[in-house]
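K.L.:
Quick one: the structure is below, and I'll ask about it shortly.
Just so it is clear, none of the values below were taken in a lab; they were calculated from the coordinates. All values derive from a computational prediction rather than experimental measurement. Here the Cβ is made from the backbone with ideal geometry for all residues, glycine too, and neighbour counts use every protein chain on show.
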Amino acid sequence: MILVGITGKSGSGKSYFARKLTESIDKSSVISIDHIFSRLMNNGQVIDRIVAEYGQGILKDGEIDLDVILNNKEIFSKIYTIIENDLESEIARELKEKEQNGEKACIIEWWRLPNTELINQCDCSIYIQANSKERLEFLKNRETYMTQESMAERDNVLGADYASKQYDLVVQNDYNEKSIEEVIHFVKEKIRSKRLLKEQSKKQQSKEITINNAKEVLKKYLTENRKKLYHSIRVAKVAKILAEKNGVPVDEAVIASLLHDIGKTMTPQEMLSFCASREVTMYDFEIFQSPGALHGKVGAILFEEEFDRNSDPEKFDRIQHAISSHVAGADDKMTKLDKIVYVADNIEPEKEKKNDNQETGIQKQTETLLSKIENGEIENLDECIKIIIEGKKQRAKKRGVECNPLVDNILMNDDERGL
Ligand SMILES: [Fe+2]
Ligand SMILES: [Fe+2]
């Protein structure tokens, strides 16, 4: 996502330019920092901090009296120090949300931009200049009492130093289409060149599909989540045994297992927006009951972002499919590799112990699956899968929750079903 910063004095037409940009750029939206500011002025904790600094006199009918703030330079500049952290985290939250929604451009519109660090985060900055007569006309639409003097006073209170920055584009707002077109053209060019740069660096950075690179990627995503990290390693160990027994390339089983849960870095809500923005097929259960079940599909997309498909397209597709289908199968047939990752994920020693705590009749069978496989009592992957699914259903029933209905597809798509 490209970040476009638009700044200019109040009444210069920033929000108008920002709106025009979003109308002409697909998947783009605006963050108006003034709106976030107003929201914060209604936040209880923020109000408490401001009152602690200025006393009850800063309130009017229980709310922050914006007239007092907007007419006192000293108070106004201090307010930004008081709410700095809140403002930063609100902006970061909105940006993250937009990024996850797959937006291409976010236009940040703020008169104070040149005096903050935020301008350095922007991929490009645009300064809208406007002469005072037109600004006054513009402001009078919002605030009828505005005069030339009060506008100058407002500029003084706001105290933004526009001359302190070098902008990528300075536009004289002459209130005609030409200046808008200039801005739109400029931003579209920026998006194009950023995309080209990203593609180039992706080509340079994407990795060959090896176990060592998979370990690197695993660490990148799950170092913070030790439990999941160790789980992934245990799954890889089990998958290695299963791959050897079933004649599947061991490195593929290990790589897919190491990476099967990398999608779990996101919260369920984030998974939902991530998949929605990439037009991933999602089922009702995944959308309404358990968005966390999307972590396989998320992981498969992250795998694509990390590894170079061209280095070995078939291997890439096989591993990606195994990651995507490890939660509850796939729309198409499950391969042996898919089944190995699915089984290994469900019978690695700690998972079996955890399931064991839930004490069901079927559980007894699941708990010994790994040892039965190791000593050759169970050879068939489908046999394991049937027991695993039955165990899942019984545990869900016992907990009074719905079992992911998609698991029934795991064996249904198999050619050998019923034989
Ligand atoms: Fe998983
Ligand atoms: Fe897992």
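K.L.:
Working from the pairwise distances between different alpha carbons, so that the mean of 1/r is found and then inverted, what is the range 262-307's Kirkwood radius in Å? Mind showing how you got there, number by number?
P.N.:
Working: mean 1/r = 0.0973 Å⁻¹.
With all distinct Cα pairs of the range 262-307 included, I get 10.3 Å.
K.L.:
Shifting gears a bit: For the chain, take the longest principal axis of its alpha carbons; what is the angle in degrees between that and the long axis of helix 177-205, to the nearest 10 within 0 to 90?
P.N.:
Helix 177-205 sits roughly 30 degrees off the main axis of the chain.
K.L.:
Roughly how many debye, to the nearest 20, is the charge dipole of the range 211-412 about its Cα centre, given +1 on each Lys and Arg Cβ, -1 on each Asp and Glu Cβ, and no other charges?
P.N.:
Value, rounded to 20: 720 debye.
K.L.:
Sticking with this one: If you average the C-alpha positions of the range 69-87 and of the range 281-303 separately, how far apart do those two centres end up, in angstrom?
P.N.:
If you average the Cα positions of each part, the centres end up 43 Å apart.
K.L.:
Something else now. Can you give the extra length, in nm with one decimal, that the chain gains between residue 77 and residue 137 once fully stretched, where that is 0.36 nm per residue apart less the Cα-Cα distance? Can you show the working numbers first?
P.N.:
Values: separation 60, 0.36 × 60 = 21.60 nm, distance 2.62 nm.
Additional length available on full extension: 19.0 nm.
K.L.:
Follow-up. Within a Cβ distance under 11 Å of residue 70, other residues only, what is the Lys/Arg minus Asp/Glu net charge? Please report the intermediate quantities before stating the final value.
P.N.:
Values: positive: 73, 154; negative: 65, 67, 143, 153.
Once positives and negatives cancel, what remains is -2.
K.L.:
Something else: Output needed for the range 2-204: three equivalent-ellipsoid semi-axes, defined as square roots of 5 times the C-alpha gyration tensor eigenvalues, in descending order, whole Å. Don't jump to the answer; show the numbers that get you there.
P.N.:
Working: eigenvalues 192, 100, 37 Å².
Working from the Cα gyration tensor, I get semi-axes of 31, 22, 14 Å.
K.L.:
Right, here's the next one. What ranking of 372, 98 emerges when the number of other C-beta atoms within 10 Å of each C-beta is taken as an exposure proxy, fewest first?
P.N.:
Numbers: 372 16, 98 21.
Fewest to most other Cβ atoms nearby, the residues stand as 372, 98.
K.L.:
Separation of the range 304-330 and the range 104-147 by C-alpha centroid, Å?
P.N.:
Their Cα centres are 46 Å away from one another.
K.L.:
Longest span of the chain, sites excluded, free of GluC sites (Glu not before Pro) in DSSP loop with at most 14 other C-beta atoms within 10 Å?
P.N.:
Values: sites that count: 117, 143, 208, 224, 279, 359, 377, 379, 402, 416.
My reading of the result: 1-116 is the longest stretch.
K.L.:
Still on this model: Which one of 87, 72, 56 has its Cα pushed farthest toward the positive end of the charge dipole of the range 2-204, where Lys and Arg give +1 and Asp and Glu give -1 at the Cβ?
P.N.:
Selected residue: 87.
K.L.:
For the chain, what proportion of DSSP beta bridges, expressed in % and rounded to the nearest 5, is antiparallel?
P.N.:
Details: 2 of 21 bridges.
So the antiparallel bridges amount to about 10 percent of the total.
K.L.:
Restricting things to alpha carbons, tell me how big the range 211-412 is in terms of Rg and Dmax, in Å.
P.N.:
Cα radius of gyration and Dmax of the range 211-412 are 16.0, 48 Å respectively.
K.L.:
A further question on this structure: Put +1 on the Cβ of every Lys and Arg and -1 on every Asp and Glu Cβ in the chain; which of 375, 16, 204 then has its Cα farthest towards the positive end of the dipole?
P.N.:
Of the listed residues, the answer is 375.
K.L.:
What pairs in 190/220; 237/339; 264/333 have C-alpha atoms more than 19 Å from each other?
P.N.:
Numbers: 190/220 29 Å; 237/339 15 Å; 264/333 24 Å.
Distance filter (> 19 Å) returns 190/220; 264/333.
K.L.:
Which of rounded, prolate or oblate describes the range 1-41 when judged by the alpha-carbon gyration tensor and an a/c cut-off of 1.5?
P.N.:
Numbers: a/c = 2.16, a/b = 1.37, b/c = 1.58.
It comes out oblate by the Cα gyration axes.
K.L.:
Return the Rg/Rh value of the range 207-320, two decimal places, where both radii are evaluated on C-alpha atoms and Rh is the Kirkwood radius. Kindly include the intermediate steps, with their values, before the conclusion.
P.N.:
On the way: Rg = 14.2 Å, Rh = 14.5 Å.
Result: Rg/Rh = 0.98.
K.L.:
If every alpha-carbon in the range 1-71 counts as one equal scatterer, what log10 I(q)/I(0) does Debye give at q = 0.12 1/Å?
P.N.:
Scattering profile of the range 1-71, log10 relative to I(0): -0.48.
K.L.:
Helix 14-24 versus the longest principal axis of the chain: what is the Cα-based angle in degrees, 0 to 90, to the nearest 10?
P.N.:
That helix lies at roughly 40 degrees to the long axis.
K.L.:
What aspartates and glutamates sit close enough to residue 165 to cross-link, taking a C-alpha to C-alpha distance under 12 Å and skipping anything fewer than 8 places away on the same chain?
P.N.:
Once the sequence-local aspartates and glutamates are set aside, what remains near residue 165 is 117.
K.L.:
Moving to a separate point now. Relative to the Cα centre, what is the charge dipole magnitude of the range 215-333, using +1 at the beta carbon of each Lys and Arg, -1 at the beta carbon of each Asp and Glu, and rounding to the nearest 20 debye? Each step should come with its number before you reach the end.
P.N.:
On the way: 17 positive and 19 negative charges, 142 e Å.
Dipole of the range 215-333, to the nearest 20 debye: 680 debye.
K.L.:
Sticking with this structure for a sec: Could you give the C-alpha radius of gyration of the chain expressed as a fraction of 2.2 N^0.38 Å, taking N as the number of residues it contains? Mind dumping the intermediate values first?
P.N.:
Numbers: Rg = 28.4 Å, N = 419, 2.2 N^0.38 = 21.8 Å.
The reported ratio for this selection is 1.30.
K.L.:
Take the alpha carbon gyration tensor of the range 138-178, find the square roots of its eigenvalues, order them as a ≥ b ≥ c, and report rounded if a/c is under 1.5; if not, report prolate when a/b exceeds b/c, else oblate.
P.N.:
Numbers: a/c = 3.58, a/b = 1.26, b/c = 2.84.
It is oblate, given that a/c is not under 1.5 and a/b is not larger than b/c.
K.L.:
A further question follows. How large is the dipole of the chain about the Cα centre if only Lys and Arg carry +1 and Asp and Glu carry -1, each at its Cβ, rounded to the nearest 20 debye? Walk me through the numbers before you get to the answer.
P.N.:
Details: 63 positive and 74 negative charges, 106 e Å.
Once rounded to the nearest 20, the dipole reads 500 debye.
K.L.:
Say the dipole of the chain comes from +1 at the beta carbon of Lys and Arg and -1 at that of Asp and Glu; which of 326, 214, 124 then lies farthest toward its positive end?
P.N.:
Of the options given, the answer is 214.
K.L.:
For a quick check: with amide H placed at 1.01 Å from N, whose amide H comes under 5 Å from residue 31's, ignoring anything fewer than 5 positions away on the same chain?
P.N.:
The list, which skips near neighbours in sequence, is 107, 108, 109.
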